[in-house]
Amino acid sequence: LFNPFSLSPSPIMLTLSSLFYLLFFILTLQCHIASSAILYSLKNRHNNPHHQRPMIHANQTNCALFVGTWIPDDTYPFYQSLNCPMIDPQFNCKMFGRPDTNYLKYRWRPLNCELPRFNGVQFLMGMKGKSIMFVGDSLGRNQWESLICMIYTAVPQSQTQLVRGEILSTFRFLDYGVTISFHKAPYLVEIDVAQGKRVLKLEEVDGNGDAWRDADILSFNSGHWWTHQGSLKGWDYIELGGKYYQDMDRLEAMERGLKTWANWVDTNIDQRRTKVFFLGISPTHTNPNEWIYGSTAATSKNCYGETAPISVTGTSYPGVFPEQMKVVDMVIREMNNPVYLLDITMLSAFRKDAHPSVYSGDLSPQQRANPIYSDCSHWCLPGLPDTWNELFYTILF
């Protein structure tokens with residue numbers, strides 16, 4: 001192939017050399033592209049909070065439970081509000097005049113699997129003799145009432161007992177020895193009254209924790225109350241490091257409070273005996289500019305009049321990702337024994353149609369005719385929290 005009497009390579013040699021360098025260039029380019037793709041992926045995982053997941057201590061699954069599609073399904077809902085007298089007027093949309101029903105007929109399908117159908121009898125058998133406690137704000141109460149209704153419908157003849165309290169409410173399925181409670185603790189940390197002033201103690205759990213210790217299943221949530229302003233603000237002073245503040249950066253306050261809660265869980269809860277969950281931040285739909293589809297002049301105020309999801313495919317987050325969720329994710333990741341994050345934030349963000357809006361028992365007929373009174377934070381029952389409990393059921397069993 002090479003003439004030793006000539007300094008120039010033969011034509012054949014030129015062809016083979018060119019081919020060799022071409023192959024070498026292609027391989028190098030492919031490696032570069034692959035490396036760039038890996039770096040890009042890692043960068044996105046770092047920058048995108050929805051790709052950061054805490055390590056979890058609960059039953060694992062190969063299914064991507066929290067990314068998927070909303071599927072129309074006429075076999076939903078699991079129950080009717082008339083058949084579940086435990087529903088608060090705040091969540092009982094059908095009783096207070098909501099005319100449409102399509103929002104009740106969606107099923108969540110994860111990306112690469114199907115959720116098992118919720119079975120109330122199986123739930124009771126699996127939890128026989130055990131206690132479940134939801135702890136947090138009214139979104140936790142939303143989920144608590146949903147779960148009770150989903151089970152109650154399956155065993156309507158079962159002996160039950162409901163005890164409602166200002167702080168602690170408990171529902172018992174007496175035939176199965178199953179107790180499902182809700183403990184109101186919107187900040188999870190302590191809030192005391194001193195000299196007529198409400199003091200939010202960011203470094204104390206105290207009496208709250210006494211109610212949580214003996215539960216077999218604990219599900220916590222917190223988020224919305226940390227950002228309330230004006231008359232909705234839940235404290236007069238914040239106590240931190242022995243000092244008192246009338247206010248401070250809300251996300252910083254939430255972070256300090258949740259770290260106190262996380263330390264309490266790490267110190268006081270044996271997760272080999274007690275399963276611990278944290279419900280992701282429930283999104284609100286107060287700004288129509290955050291969704292692309294279905295926004296019209298008639299719905300320019302908030303979630304008022306919305307009767308369809310933003311989208312049925314949950315592959316990217318619509319609107320502005322809740323800042324509180326970044327705090328939750330960070331705190332859980334730093335726990336010694338991270339709890340299971342029930343990450344309902346993105347799948348719920350698509351359901352602008354599922355809020356009570358003006359169909360709430362708290363409103364007068366005049367208020368119900370005014371979009372400004374829409375509740376775009378809570379959820380109708382039956383409705384979206386039933387899906388949260390389908391996911392809860394799937395993870396437990």
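The values are calculated or read from the model by the stated rules, or taken from the named source; none is laboratory data. As the structure is a computational prediction, the values presented were derived from the model and not from experiment. No Cβ is skipped: glycine too gets one built from the backbone with ideal geometry, and neighbour counts run over all protein chains shown. Just so you know, the surface numbers come from the protein's heavy atoms only, side chains and all, with ligands and any DNA or RNA stripped out. Shrake-Rupley method; radii C 1.70, N 1.55, O 1.52, S 1.80 Å.
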Going residue by residue through the stretch 129-143, is there one that turns out to be surrounded by fewer than 19 Cβ atoms within 10 Å (Cβ to Cβ) and either of a type in the set (Val, Ile, Thr) or in contact with a Phe, Trp or Tyr (Cβ under 7 Å, 6 or more places away or on another chain) (or both)?
no
What are the pairs, 6+ residues apart or on separate chains, where a residue within the stretch 358-386 that is without any contact (Cβ under 8 Å) to a residue 12 or more places away in the chain has its Cβ under 6 Å from a residue that is of a type in the set (Phe, Trp, Tyr)?
Gln367/Tyr373
Selection count where residues are open to solvent by 50 Å² or more (accessible area, probe 1.4 Å), in contact (Cβ under 8 Å) with a residue 24 or more places away in the chain and closer than 26 Å to Ser219 by Cα, scope the stretch 238-265:
4
Considering only residues of the stretch 61-76 that are surrounded by 13 or more Cβ atoms within 10 Å (Cβ to Cβ) and over 20 Å from the mean Cα position of the chain (by Cα), which is nearest to Val358 (Cα to Cα)?
Tyr76
From Glu334, Glu290, which residue is open to solvent by 10 Å² or more (accessible area, probe 1.4 Å) and modelled with pLDDT of 95 or more?
Glu334
Out of the residues in the stretch 109-128 that are open to solvent by less than 40 Å² (accessible area, probe 1.4 Å) and part of a helix (DSSP H, G or I), which is farthest from Thr160 (Cα to Cα)?
Gly126
Assuming Tyr106 fulfils every condition listed in (1) crowded, with 21+ Cβ neighbours inside 10 Å; (2) modelled with pLDDT under 95 apart from one, which condition is it?
(2)
Which of the strands (runs of 3 or more DSSP E) contained wholly in the stretch 148-223 include at least 2 residues that are open to solvent by 10 Å² or more (accessible area, probe 1.4 Å), touching a Phe, Trp or Tyr at 6+ places or on another chain (Cβ under 8 Å) and not hydroxyl-bearing (Ser, Thr, Tyr)?
160-163, 197-201
Of the residues in the stretch 327-376, how many are in a strand (DSSP E or B) and of a type in the set (Asp, Glu)?
1
